[in-house]
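We did not get these values from a lab; they are worked out from the coordinates using the rules stated. Quantities reported herein were computed from a predicted structural model and do not represent experimental measurements. Counting neighbours? That spans all protein chains shown, and the Cβs are built from the backbone with ideal geometry, glycine included.
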Amino acid sequence: MNTDIHSEEQLDPPVDEQLEQQAESQTAESQTAEADQQPGEPAAGKSQIDARGLLQILQEASPTFREVRPLALRIDKAIAERFPELDRKVIRSAMRMHTASTRYMKAMEKATARFDLDGKEDGEVTEEQRAHARQTLKDRFAEAAKRKKAVLDAEKAKREAEEAERRKAEKLQQLLGKFSKG
């Protein structure tokens, strides 16, 4: 028995069932929408799942997504083949979200291999790609530190302004007390 086929059979049914259940719950909506469909809207029969929902399904179905490993090049085509009911725009959006995540960048920074949907090696991560991930993370962390410093500086300036205002009010009270006694 081929274990690759067996493992693929184990991965696909729960995902297909989830997509089918989601599609069934939206059948009435989609039938109404088909009559009213405008140009530029998703084609009839395509799943109404969004990018985040697709990522959740892929994390449940694929060890590559679950373990946040570097993705094989053109994995979006493999996803479209495995889940033909999904809109390609949703797939591309989900891939952008996943590959832009800090966890993915950290994985890319250290990895030497890329992986397909079944968790098998499918290509390599070049030194240039690792360097890009490293630089992206460095820039991302530097920007976060800069934002944090700006927030801290603003809070400090606010506290100093409040303290100056408190001292000013205190001085005015002292002057008022000094000249009102007389």
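Things to note:
- Summarising the label geometry, the points placed 7 Å from Cα in the beta-carbon direction at Lys138 and Lys168 lie 4.5 nm from one another.
- In terms of distances greater than 32 angstrom between alpha carbons, the cross-link table entries Lys138/Lys158; Lys158/Lys178; Lys149/Lys178 yield Lys149/Lys178.
- Residues whose placed amide H lies under 5 Å from that of Glu124, excluding near-sequence neighbours: Arg114
- Annotation: amide H-H contacts under 5 Å for Asp50 (H modelled 1.01 Å from N, sequence separation of 5 or more, or interchain): none.
- The residues neighbouring Gln129, those whose beta-carbon lies less than 14 Å from its own, together hold a net charge of +2 under the Lys/Arg +1, Asp/Glu -1 convention.
- Put simply, the amide H of Leu71, placed in the peptide plane, has neighbours under 5 Å in Phe115, leaving out anything fewer than 5 places away on its chain.
- On a per residue basis, the convex hull of the C-alpha atoms belonging to the range 122-182 measures out at 42 Å³.
- Charge tally for Ala145 (other residues, Cβ to Cβ under 13 Å; Lys, Arg +1; Asp, Glu -1): +3.
- Relative packing of 117-123, 147-153, which averages over residues the other C-beta atoms within 10 Å, highest first: 117-123, 147-153
- Taking the Cα centre of the range 139-182 as reference, the dipole from Cβ charges on Lys and Arg (+1) and Asp and Glu (-1) amounts to some 140 debye.
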